[in-house]
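The values are calculated or read from the model by the stated rules, or taken from the named source; none is laboratory data. No experiment lies behind these values; they were computed from the predicted model shown. Methodologically, a virtual Cβ is constructed for each residue, glycine included, from the backbone with ideal geometry; neighbour enumeration extends over all protein chains shown.
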């Protein structure tokens, strides 16, 4: 232990040791290191974690604490407003420096700006780093010096600019600060208890840095060549499932890029798959780019004409959608996957979101709030950006008149109904021909499958064709009023 003035490493969405620029800078300073995580649920405009995110955070902090102990470091946990927690801890420890990796949500930016000013006024060093994006939002701009609003030119420019930075490897042994009082993680009550609904999450996810590395290695070895096609197939294990690890920082986008880069020089199929994966990383960056430059998009329509859209107040419809009881098998399968695993296949996310917004005409913000509470990868920039993309109200959005048909989407991307049968087991014996539209099957077919619509499985809550026409008429009226 050392009595030297320590450096506080403030962990946030960077729950890893490797390639952590804040931690590496602390190690390079030669000061004793005091790792810190703050559960800040009181600072204004900091959005409280949803239930699934709290579950992930608990296990992520458990793993981080173990990894830090292996390096001789104690993770200190404190709860409260970050500014006040840091002021108290600096008084306790006489820390001479605080370092952290940046967050880009509007509330986090405002909080960190105030914290940095406090530290400098107190004569304490303060330095922040990019630990979670490929390119900082202010370091990529159009030829006119403006933020990008369209993804494809953003991607082209990022591809030109981006070079993976040097790896930030912290030493195996780091100088530890004297131990200080810490909250017990259990006292934060991040895990659900009454009821404990997290059984499916526990079965689905290993939450630690090594699991993230294993996941990218497995994906690149087994799935990358088929990724451009299979990423749309919920009946196949064709996606990377890296999104929660990226959000919480068990892996960095730079690590993923470095791991995938050698595939770009492999055969055509592998190279194409790797390029598609990197494009998805860039889409994540693009959403953060938009949120940084246009912070209102987290809660307000990017396209103001949608402010006059006649959203329906439909609590019963919203609840049926949330529970996977709409009567549309692909939508219901996705919503039940979400409840069970805290995650949903990306293609099905689009279909389920479109159904809520366009078939039920429920405000996209209601869907975004549900995803925020139930997704382990809930991320303000991506969640709001993707919901607005589906709604047609966002930047570079899918047009409103693109309305996903849940039947044809199912028949195309889950042709044998394997995904539906997994998550909607009451339809398990329905033949492939009718699995995505059981209401259209002959009575004898449903009887043989043990299905009674409206009893064992819901009848469709809306007729898709009628609902589609209703949504298009509402959109046309709004567009006509806007001129």
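Within segment 429-440, the set of residues being buried (at least 23 other Cβ atoms within 10 Å of the Cβ) and in a loop (DSSP other than H, G, I, E, B) comprises 430, 435, 436. Among the residues of segment 255-269, those that are within 22 Å of residue 376 (Cβ to Cβ) and surrounded by fewer than 23 Cβ atoms within 10 Å (Cβ to Cβ) comprise 255, 259.
Any idea which of 376, 390 is surrounded by 23 or more Cβ atoms within 10 Å (Cβ to Cβ), assigned to a loop (DSSP other than H, G, I, E, B) and not assigned by TED's automatic domain parsing to the domain that holds residue 244?
Exactly one of 376, 390 is surrounded by 23 or more Cβ atoms within 10 Å (Cβ to Cβ), assigned to a loop (DSSP other than H, G, I, E, B) and not assigned by TED's automatic domain parsing to the domain that holds residue 244, namely 376.
Taken over segment 315-344, the criterion of being without any contact (Cβ under 8 Å) to a residue 40 or more places away in the chain and farther than 26 Å from residue 57 by Cα is satisfied by 315, 316, 319. Scanning segment 84-101 for residues that are surrounded by fewer than 20 Cβ atoms within 10 Å (Cβ to Cβ), in a loop (DSSP other than H, G, I, E, B) and in contact with a strand residue (DSSP E or B) (Cβ under 7 Å, 6 or more places away or on another chain) turns up just one, 96. Considering segment 441-477, and only residues there that are loosely packed, with under 12 Cβ neighbours inside 10 Å and assigned to a helix (DSSP H, G or I), the residue that is modelled with the lowest pLDDT turns out to be 443. The sole residue among 426, 411 that is closer than 14 Å to residue 234 by Cα, out of contact with any helix residue (DSSP H, G or I) (no Cβ under 8 Å at 6 or more places or on another chain) and not in a loop (DSSP other than H, G, I, E, B) is 411.
Residues in segment 127-138 that are surrounded by 12 or more Cβ atoms within 10 Å (Cβ to Cβ) and in a helix (DSSP H, G or I): 137 only.
Before we move on, is residue 377 out of contact with any strand residue (DSSP E or B) (no Cβ under 9 Å at 6 or more places or on another chain) and under 23 Å from residue 235 (Cβ atoms)? Let's see the steps before the verdict.
Numbers: out of contact with any strand residue (DSSP E or B) (no Cβ under 9 Å at 6 or more places or on another chain): yes; under 23 Å from residue 235 (Cβ atoms): yes.
Considered against the rule, which asks whether it is out of contact with any strand residue (DSSP E or B) (no Cβ under 9 Å at 6 or more places or on another chain) and under 23 Å from residue 235 (Cβ atoms), residue 377 comes out as yes.
Between 379, 396, the distinction of being touching a helix residue (DSSP H, G or I) at 6+ places or on another chain (Cβ under 6 Å) and modelled with pLDDT under 95 belongs to 396 only. Among the residues of segment 162-184, the ones that are outside any loop (DSSP other than H, G, I, E, B) and either in contact with a strand residue (DSSP E or B) (Cβ under 6 Å, 6 or more places away or on another chain) or loosely packed, with under 11 Cβ neighbours inside 10 Å (or both) come to 1 in all. Of note, residue 15 satisfies the criterion of being part of a loop (DSSP other than H, G, I, E, B) and closer than 21 Å to residue 187 by Cβ.
Condition check: in contact (Cβ under 8 Å) with a residue 24 or more places away in the chain, in contact with a strand residue (DSSP E or B) (Cβ under 9 Å, 6 or more places away or on another chain) and within 23 Å of residue 12 (Cα to Cα). Does residue 124 satisfy that? Against the criterion (in contact (Cβ under 8 Å) with a residue 24 or more places away in the chain, in contact with a strand residue (DSSP E or B) (Cβ under 9 Å, 6 or more places away or on another chain) and within 23 Å of residue 12 (Cα to Cα)), residue 124 qualifies.
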